[in-house]
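First up is the structure itself, then whatever we jot down about it.
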Amino acid sequence: MLEGLRRSPLRGLAGVALVLVGAGSIVMSTAFRTPISARLLGPDAPVDAGAFDARNIDSNNSPTLDRNPLRPGNLALANRIDTPRYACALHVSFDGGVSWRGTPIPLPPGEERKCFAPDLAFASDGRLYLSFVTLKGRGNVPHAVWLTSSTDGGRTLSPPIKALGDLAFQVRLAVERANPRRVHLTWVQGGEIGFLRFSGTDNPIMSERSDDGGTTWGAPVRVSSLARRRVVAPSPVLGARGELYVLYLDLGDDRLDYDGGHGGEGGPPYRGTYRLVLGRSLDGGSTWGESVVDPAIRPIGRFVVFYPAYPSIAVDRRSGRIYVAYHDARDGDPDVLVWSLAAGGTKRSRGPVRVNATRRHDGTAQYLPRLAVAPDGRLDIVYYDRRADPRNIANRVSLQSSDDAGRSFGPAVTLASRRFDSRIGFGSKHGLADLGSRLALISDDRRALAVWTDTRAGTIATNKQDLVRAVVAFSAPARLSATAKGALRYGGAALALLGIALLFRATFAAAPQPAEDPPEPDEE
């Protein structure tokens, strides 16, 4: 073969061209991608002070976690407590989550000593905002929504200011980065309610905005369209250019859960489907449009409509790409799915991508995902995971990551050092145990910190739940300067183009050429 190439320079030229095309393609395809390597950084550890103490039977769940942008080591975490009394908790850390301290939440004068559904967020100036709901009466009906703040990283909180009135359910908080005094609240506005149910279907998702840090508030604006009759679980997030997104569930015709048809008893889930809907506002919450992320979400279980499992939404601040995650039983058992949308959220979503690489139809559940995007664009997701228990009862917690904008995910990292019982929580005696509405996750370029509801110290009799955290470390990806990246990009392209040019030259040189015309006879 080598001898043949020596005898035919054209064939040799074609071979060189093919090699250059391949080399250029390889350079282009590999220059900007480094596989993610993740490992658990030390053991998991409790957050709440009474964790694993049998004398403390508080059920801590539904954590929300955020980081102070001016002091990266300053973290704040809020959670609800369901039993033995309704309460709220705030924990703060000043060493990146290694140790935590509790901060009392001041309840307003004249309100009952019952706090519920806290949420929090840091502003770009380092101010911490925290919202919560006060409850009233034997039915523990939402009476008012309050906002408090802290300028010392969460060590102390200001006197609360009233933001909303009666029957505001599932209240969530978001703060704009460009305007640290602009605060958004989203919620489900109840009309009439009954035992574990909304009465009627006119209970829309609303939003409200303050431009002065919560001192005064504008008029509430409807987020969900009039055509959506049963909507729950609004999850707000600010986009890369100040857009306000609210992700929520349209339950369709699900009267089993929305109307409390199950009476608080466990059993098979609703047999129909839900819609995952993304509301968006480009004018600070004044007007709203929407798109359907997925029209056919299969429910995985029954729930009490007042505290549903929230879908998760996160935005890549560099590209503006939006990521959405939720659980779904379309393959027969609960899986974690991820969708993504281009900046603005107006085009068709990409996905869903099945995150957990478990065997399909294995009968185990992966559910309640939480997303976070690192500054370098890495997408992390944490969720409850029962793959290690064929009985589909014992939970662990898994984290996976994507370095290709959510198209694929790396191997799962197990965060919980011990399995824990998924049947422990409010409602456990009726087969409808509640582990809370969400998990918590924050990510930077080197690490991710996750917090979840853990029941290893509880029983069905005590309903004890604790907050446990774990840290995952990522290998430092190869960092290239802009000059080096440009050299690789254009160098790879140049190799490919040079190879193509040589290939064409070889092809045309080898083709038969027309004979030259005979010379014209000389004129006499």
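Bear in mind these aren't lab numbers, they're just calculated from the coordinates by the rules spelled out. Being a predicted model, the structure only gives us computed values, none of them experimental. Using ideal geometry, Cβ is built from the backbone for each residue, glycine included, and neighbour counts are taken over all protein chains shown.
Assorted remarks:
- Annotation: amide H-H contacts under 5 Å for Gln465 (H modelled 1.01 Å from N, sequence separation of 5 or more, or interchain): Ser59, Asn60.
- Eligible lysines near Lys114 by straight Cα distance, threshold 20 Å, same-chain separation 8 or greater: Lys136, Lys162, Lys464
- Inter-part distance where the range 143-169 and the range 185-258 are each reduced to a Cα centre, Å: 19
- Between the range 339-372 and the range 378-441, the alpha-carbon center distance in angstrom: 14
- Equivalent-ellipsoid semi-axes of the range 221-289, from the Cα gyration tensor, Å, largest first: 29, 12, 9
- Couplings 3J(HN,Hα) of the range 258-265, computed from phi: 5, 8, x, x, 7, x, x, 9 Hz, in residue order, whole Hz [Karplus 6.51 cos²θ - 1.76 cosθ + 1.60, θ = phi - 60°; x for Gly and Pro].
- Summary of packing: across the peptides 63-70, 148-155, 450-457, 35-42, the per-residue average of other C-beta atoms within 10 Å ranks them, highest first, as 450-457, 63-70, 148-155, 35-42.
- Among Lys464, Lys136, a tally of other beta-carbon atoms within 10 Å of each Cβ gives an order, fewest to most, of Lys136, Lys464.
- Judged by the mean number of other Cβ atoms found within 10 Å, the most tightly packed of the peptides 92-98, 179-185 leads the ranking 179-185, 92-98.
- Residue order, fewest to most surrounding Cβ atoms within 10 angstrom, among Val353, Val315: Val353, Val315
- With an a/c value of 1.5 or above and a/b not larger than b/c for the gyration tensor axes a ≥ b ≥ c computed over the alpha-carbon atoms, the range 206-356 is described as oblate.
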